[in-house]
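Where a number appears in this text, it was derived from the coordinates with a stated rule and is not lab data. In this text, all values refer to a predicted model and were calculated from it rather than measured experimentally. Glycine gets a Cβ as well: all are built from the backbone with ideal geometry, and neighbour counts include every protein chain shown.
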Amino acid sequence: MRCRTCDYLLWNLRSRLCPECGSGFRPSEFEFAPSSVQFCCPHCNQSYYGTGEKGRIVPRAFDCVTCEQRIDLDEMVLLPSVGLEEHQTRAERVPWLERRRLGVVKAWFSTVRGSMTRPTRMIRGAPGEGKSFQAWRFSINTIALSAIIGPGFFVLTALLFVLFASVRTGGPAFWGVGLGISLVLVGTVVGALLSIALWGGLTHVLLRIIGKPDGSLRRTFQALCYSSGPMALGAIPCLGLYTAGIGAVWWVVSAVLMVKESQKVDGLRAAIAVLAPPGLAILLVVLGYAALFIALVTGAVPIAINFPSTAIETQTVLDSLHDYHVANGALPGHAVELVDDPYLAAGELVSVFNRSSASRIRVGGASLAQLGFMRPEARAKVVRAAVKGLPAGTIAHRLGDFVFTYHGIDLDNADPGLWLVVSSPGPSAATQPATTVMPPFSF
């Protein structure tokens, strides 16, 4: 039994003040291993043993069998049981808090093992009213080791390769890559801690809504931080990039068990409160990717967004004409026939320099964006309508931001310099509306 302020031993004291720092204490604030502590009557020194669940005497107030005076647990003088050392009286305690006695390395490994195999018992040993800084410190060390050691083999290989390659340049590339990797690792740790902060806050709010947590927000953070031990799996050299995923799932399971025990709520409420924030984050990521995919397919975001010029955009369209000609032996009756796998996506017919989208372009009775989602028979109907809609003797036709000029050209006997497609962004283009004539494109 030690002072929570200065760690001074508090055995065999009748006063309720620490002799070292003057802080007050009560025996009922401490937990002990069952039957490991003698509770002595302050009047006659009669001994009683703490056989209760938390190593205390039961009942806590009674008449002494020797002097018959009324005594209470918090009035008694405490001593370790005969033959026991002070550390043997302690109830389950987080090994990370025993670093002075165990050593930092052993304490860390023991805490990781406890977090993975007996999370409920370990969180009982975390001081409920103490500061949660030590829990955060354990989590920081665990996540940092996972981020540094796990991919360390690949990082070291990359640095050695860059060092070898940068010998001729005096080595600035090596230091640049080293700085970049360091920033990535630091960013990983900082990002993880910010995620824990958000996770813990949302978890506690949910606990307050769906249940009645027994502890404070600090207690919730203790549970989440001490349950991060499984992330040590990410520190396995070379395999860390793969085992970190297993560690993350294990972390969530341990967190549910620790929150359940520390906040005294049932398993269902603990699971909902702990799983909801990461579940929501995963859902948002999935929805974001889905929205991006749909935007690219429908042309709401031009698929050519990384193209630096209209020349490359036009070359992409020209390549699709080439592929169509090779596959079908002729050029399409209408450019809409290109909007089919594997020729061209709808968004590629809208220039990156145009603020319009494929959903606003109508062809054959449907929007260009809709073609990507149509059944083959429905798409064929639209294509037939588009081809039929071209007047006889058509020389050129527009689809999206491109004008197709291949009508009447026999590619097998044509001049290689003939123009087949011209980039011509419409009036909604980001630049001044004007027809951009590209250099000749040929097969």
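Using a 7 Å offset from Cα along Cα-Cβ at Ala330, what residues in segment 378-400 end up with backbone N under 19 Å from the label point?
Residues 380-397 fall inside that zone.
Give the calculated FRET efficiency between His43 and Arg118 to the nearest 0.05, with a Förster radius of 30 Å applied to their Cβ-Cβ distance. Mind showing how you got there, number by number?
Details: r = 41 Å, r/R0 = 1.36.
My answer for the efficiency is 0.15.
Is segment 1-135 best put as rounded, prolate or oblate by its Cα gyration tensor, with a ≥ b ≥ c the root eigenvalues, rounded for a/c under 1.5, and otherwise prolate when a/b is larger than b/c, oblate when not?
Prolate shape, in that a/c is at least 1.5 and a/b is the bigger ratio.
Working out 0.36 nm times the residue gap between Leu284 and Glu377, then minus their Cα-Cα distance, what length gain in nm do you get to one decimal? Kindly include the intermediate steps, with their values, before the conclusion.
Working: separation 93, 0.36 × 93 = 33.48 nm, distance 3.48 nm.
Result: 30.0 nm gained on full extension.
Suppose R0 equals 60 Å; then what is the FRET efficiency for Arg362 and Ser81 from their Cβ-Cβ distance, rounded to the nearest 0.05?
0.10
Which of the lysines could a cross-linker bridge to Lys212, judged by Cα under 18 Å and excluding same-chain residues fewer than eight apart?
Lys260, Lys264
Can you tell me the length gained on complete extension of the stretch Lys212 to Ser23, counting 0.36 nm per residue apart and subtracting the Cα distance? It would help to have the intermediate numbers written out before the result.
On the way: separation 189, 0.36 × 189 = 68.04 nm, distance 3.10 nm.
Separation in residues times 0.36 nm, less the Cα-Cα distance, equals 64.9 nm.
By per-residue mean of other Cβ atoms within 10 Å, what is the highest-first order of 397-405, 229-237?
229-237, 397-405
Using r as the Cβ-Cβ distance of Val253 and Ser195, and R0 as 30 Å, what FRET efficiency do you calculate, to the nearest 0.05? Write out the running numbers ahead of the final one.
Details: r = 17 Å, r/R0 = 0.58.
Calculated value: 0.95.
Enumerate the aspartates and glutamates that Lys381 could reach by cross-link, defined here as Cα to Cα under 18 Å, with residues fewer than 8 away along the same chain left out.
Glu337, Asp340, Asp341
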